[in-house]
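Peer 1: For reference, the structure I am asking about is given below.
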Amino acid sequence: MNGLILFAGFIFLLWIGSSIFIPLLVATFLWYLINATATYYRKIFPREPRRHGMNITYDIISNILSIATFIGVIYLFVTRVRPMFGELLPAIPEIQSQLNLLWHYISDKFGINITSIPFPGIEQIVSSVGSSVAKLATSMGMVVVYMIFMFVEQSTFHKKFAELFPNRAQHKKMRYIMSSIDENMKKYLFMKTLVSAITGIISYAWMYMLGLEFAGVWAFAIFILSYIPTIGAIIGCAMPILFAILTGATLNELVLIALGLIGLQILFGNIIEPKLTGKTLNLSTLAILINLVFWGLIWGVAGMFFSVPLLVATFIITAQFDSTRWIAILLSADGKIPDKNED
């Protein structure tokens, strides 16, 4: 009973403290992503010589390249993608009108009374998403501050960790857990971002070649929604396909758009990404979906976005303790879980 009360209190704390936890989570995500990118940049440099001074120089150069990459991505978004959103907004009422007509046409054509089903208005959805983005934008100052302190203090993390766990056996176990989380999270975030970016870029080229309006907006949505497991890819493909239907695309154009986008999601999401991430995500699909709904209810879209990284951390941590290994087994796809570091 006490455990249930503590769990309920923890959930309530997460929900009521969303304005604090979400910016911290965003900052941690970006900090991890920049460090992961720097790690892969570091692999470009020769392994020899391994002089201490040379390694520090390589680290500095890698970090600069990583930060420059992210600045370049932000610049690309502000100058290329953001204006397309401005062009899309005035067209939303017309899109909503065409969607209502399609809704009624399906009802009449198939004799199904679906007109009584409340259909979500695009304007309300855009307003809700815009409100979430605006809320995140207002907290970007806090995100930046968090990130600055993370970068400043990351060199002291090992010292603090050693002081937290002075017992050698305990320190070894906790160090193993944190190293596993760090390694798997960096690999997941970097590969997920890389694969999502490539998918978005190729999707843009395909839609632009077929003459679909606002191709940049749909490609950016595909990139962002790729972080949301399962339903993200479905929504990302559905939006441009539905838009093509509403704007009167020919059957050939519609088929090509659908086949291209769905094919890219299957190729990159189901074939290439698992090969690149290896066994990092040996997680049950059911566990991922339940976790997605759980964090979505607590933190909305932001919770859905971060649901997999949080589940990966939970999976690794619970696998390291005898009392919680059953949780890791239930979360796993095939019952295989990370090896437990013995004391």
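Yes/no per residue for (1) of a type in the set (Val, Ile, Thr); (2) at pLDDT below 80; (3) in contact with an Asp or Glu (Cβ under 6 Å, 6 or more places away or on another chain):
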{"residue": "259", "(1), (2), (3)": "no, no, no"}
{"residue": "264", "(1), (2), (3)": "no, no, no"}
{"residue": "268", "(1), (2), (3)": "no, no, no"}
{"residue": "292", "(1), (2), (3)": "no, no, no"}
{"residue": "322", "(1), (2), (3)": "no, yes, no"}
{"residue": "337", "(1), (2), (3)": "yes, yes, no"}
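Peer 1: Name every residue in the range 17-45 that is in a helix (DSSP H, G or I) and farther than 18 Å from residue 306 by Cβ, in order of residue number.
Peer 2: 37, 38, 39, 40, 41, 42
Peer 1: Further question on the same structure: Condition test on residue 204, is it over 24 Å from residue 300 (Cβ atoms), part of a helix (DSSP H, G or I), among the aromatic types (Phe, Trp, Tyr) and within 25 Å of the chain's Cα centre (by Cα)?
Peer 2: Here the answer is yes, as residue 204 does meet what is asked.
Peer 1: When the residues of the range 152-185 are narrowed to those that are acidic (Asp, Glu) and either under 25 Å from residue 311 (Cβ atoms) or outside any helix (DSSP H, G or I) (or both), which ends up most open to solvent (accessible area, probe 1.4 Å)?
Peer 2: This residue is 183.
Peer 1: Let me spell it out: the conditions are (1) surrounded by 17 or more Cβ atoms within 10 Å (Cβ to Cβ); (2) touching a residue at least 60 places away in the same chain (Cβ under 8 Å), and residue 204 meets all of them except one. Which number is the exception?
Peer 2: Result: residue 204 fails condition (2) only.
Peer 1: Another one. When residue 212 is evaluated against the numbered criteria (1) more than 19 Å from residue 191 (Cα to Cα); (2) in a helix (DSSP H, G or I), which criterion, by number, is the only one it fails?
Peer 2: (2)
Peer 1: Could you check the range 248-267 and list, in sequence order, the residues that are under 21 Å from the mean Cα position of the chain (by Cα) and of a type in the set (Gly, Ala, Ser)?
Peer 2: 263
Peer 1: Which members of the range 240-253 meet the condition of being hydrophobic (A, V, I, L, M, F, W, C) and open to solvent by less than 40 Å² (accessible area, probe 1.4 Å)?
Peer 2: Across the range 240-253, the qualifying residues are 241, 243, 244, 246, 249.
Every residue, every condition in (1) touching a strand residue (DSSP E or B) at 6+ places or on another chain (Cβ under 8 Å); (2) closer than 30 Å to residue 201 by Cβ; (3) open to solvent by 50 Å² or more (accessible area, probe 1.4 Å); (4) at pLDDT 70 or above, yes or no:
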{"site": "6", "(1), (2), (3), (4)": "no, no, yes, yes"}
{"site": "18", "(1), (2), (3), (4)": "no, no, no, yes"}
{"site": "22", "(1), (2), (3), (4)": "no, yes, no, yes"}
{"site": "25", "(1), (2), (3), (4)": "no, yes, no, yes"}
{"site": "33", "(1), (2), (3), (4)": "no, yes, no, yes"}
{"site": "52", "(1), (2), (3), (4)": "no, no, yes, no"}
{"site": "67", "(1), (2), (3), (4)": "no, yes, yes, yes"}
{"site": "72", "(1), (2), (3), (4)": "no, yes, no, yes"}
{"site": "75", "(1), (2), (3), (4)": "no, yes, yes, yes"}
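The values are calculated or read from the model by the stated rules, or taken from the named source; none is laboratory data. Because the structure is predicted, anything quoted here is derived from the model rather than measured. Backbone-built Cβ (ideal geometry, glycine too); neighbour counts: all protein chains shown. Note: areas computed on protein heavy atoms with side chains; ligands, DNA, RNA excluded. Shrake-Rupley method; radii C 1.70, N 1.55, O 1.52, S 1.80 Å.
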